[in-house]
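Working notes, structure below.
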Amino acid sequence: DVRRPDELFARLGRDANIGFGEAYLTGAWDAPDLAGFLTVLAARLEHLVPKPLHAARAFVLPRIGRHDHGREEDTRRNIAHHYDLSNDLFATFLDPTMTYSSAWFEEGDDLERAQLRKIDALLDLAGVGAGTRVLEIGTGWGALAIRAASRGATVRSITLSEEQAELARARVAAAGLADSVEVELCDYRAVSGEYDAVVSVEMIEAVGWRYWSAYFSTIDRVLAPGGRVAIQAITMADHRMRATRDGATWITKYIFPGGFLPSVEALDRTTREDTTLRLTGSTALGPHYAETLRRWDEAFTAHADRVEELGFDGDFRRMWHYYLEYCRAGFAAGYINVHQLLFTRESA
């Protein structure tokens, strides 16, 4: 439903993809089934612009600023922009584990069960068990660290979110696992020690393509002989990634400053060129993320009154509804994907 066509087309002409999303935020257009409509666009995105013009997108799309490249001095601010909004806000739509990443569903699962299945799959992939020394890059709210420690592992979990760290420590203590889990405010570049397993869930999207080598070199440096690395990563096709790697999007402006999605091929290239790690396993979960986002958005919408009580107004709620449905459409259409990836060290 186009309510103010002049505004919609002016925003499209001036700010391209960002303008399209902003026109939704102002109410210039609306859709009763937002995800359904956006899925149609996402599925046909490469055909909406004639192929001969694809190479020109770098010259017409907005560009990210230098503060969004992934430098150490910028990363904490970018993380805080999203993850330090309010722990109570995230609790309005996440399951009891407070897991903010794609679940892995089987028939009849509620969201909590599907999230635990995803976590267990990653821990199995990394070979986490009794006595395993685990490094988790990106703590979230502590669910994976708690699950790993419950297997008898010792866990060092690092994050740049002060809000997440505070609640994760409290949750670890409540689970009686404070002696097995350390939650630390630390940039991945500063990690030291030796670990049998490195696990990271949907954190690499905040690294920035310029720093993938630093990220994997750090993991390579601290991984013990025979160790395993399990990473869950939101991904896009390699040719799209190359074409858009310096472009600003609605998501990077309003939700995740500094965010950028890798391709599986790019991560494989990076590890082969710069480390002794090798990609040895990959499982795609894209449809599971579409379902996860559907459930999150339903819960977020159902708790609108609570969100308002927390100080988030109608404009914020409309922005987050668009964000959740926008992402859901990308996964539903296959424009983006999510993978659980296994890296092991090259044999001598």
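The values are calculated or read from the model by the stated rules, or taken from the named source; none is laboratory data. Just so we're clear, the structure is a prediction, and the values are computed from it rather than from any experiment. Glycine also receives a Cβ, built like all others from the backbone with ideal geometry; neighbour counts cover every protein chain displayed. Heads up: the accessible areas ignore ligands, DNA and RNA and are worked out on the full protein's heavy atoms, side chains in. Shrake-Rupley method; radii C 1.70, N 1.55, O 1.52, S 1.80 Å.
Here are the numbers for the structure shown:
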{"read-out": "Candidate set: the stretch 188-213, residues that are among the hydrophobic types (A, V, I, L, M, F, W, C) and over 19 Å from the mean Cα position of the chain (by Cα); chosen: the one farthest from A148 (Cα to Cα)", "value": "A190"}
{"read-out": "Selection within the stretch 148-173 - open to solvent by 60 Å² or more (accessible area, probe 1.4 Å) and in contact with an Asp or Glu (Cβ under 7 Å, 6 or more places away or on another chain)", "value": "E162, E163"}
{"read-out": "Neighbours by Cβ (under 6 Å, 6+ apart or cross-chain): first from the stretch 29-42, closer than 11 Å to C327 by Cα; second part of a helix (DSSP H, G or I) and among the aliphatic types (A, V, I, L, M)", "value": "A35/A329; L38/A329; T39/A329; T39/A332; T39/A333; A42/A329; A42/A333"}
{"read-out": "Test: residue in the stretch 258-273 that is surrounded by fewer than 20 Cβ atoms within 10 Å (Cβ to Cβ), among the hydrophobic types (A, V, I, L, M, F, W, C) and under 17 Å from L38 (Cβ atoms)", "value": "no"}
{"read-out": "Pairs, first under 13 Å from W320 (Cβ atoms) and among the acidic types (D, E) in the stretch 245-256, second open to solvent by less than 20 Å² (accessible area, probe 1.4 Å) and outside any strand (DSSP E or B), C-beta under 9 Å, six or more apart", "value": "none"}
{"read-out": "Condition met for R63 (at pLDDT below 95, under 18 Å from the mean Cα position of the chain (by Cα) and open to solvent by 20 Å² or more (accessible area, probe 1.4 Å))", "value": "no"}
{"read-out": "Complete set of residues in the stretch 19-57 that are open to solvent by less than 70 Å² (accessible area, probe 1.4 Å) and within 24 Å of G286 (Cα to Cα)", "value": "G21, A31, L34, A35, G36, L38, T39, L41, A42, A43, E46"}
{"read-out": "Filtered residues of the stretch 146-173 (kept if modelled with pLDDT of 95 or more and among the hydrophobic types (A, V, I, L, M, F, W, C))", "value": "I146, A148, A149, A153, V155, I158, A165, L167, A168, A170, V172, A173"}
{"read-out": "Residue check, V222 out of contact with any helix residue (DSSP H, G or I) (no Cβ under 8 Å at 6 or more places or on another chain), in contact (Cβ under 8 Å) with a residue 60 or more places away in the chain and β-branched (V, I, T)", "value": "yes"}
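Yes or no, residue by residue, for (1) open to solvent by 20 Å² or more (accessible area, probe 1.4 Å); (2) more than 18 Å from L123 (Cα to Cα); (3) modelled with pLDDT under 95:
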position	(1), (2), (3)
A175	yes, yes, no
E182	yes, no, no
L185	yes, yes, no
A230	no, no, no
A233	no, no, no
A237	yes, yes, yes
W250	no, yes, yes
K253	yes, yes, yes
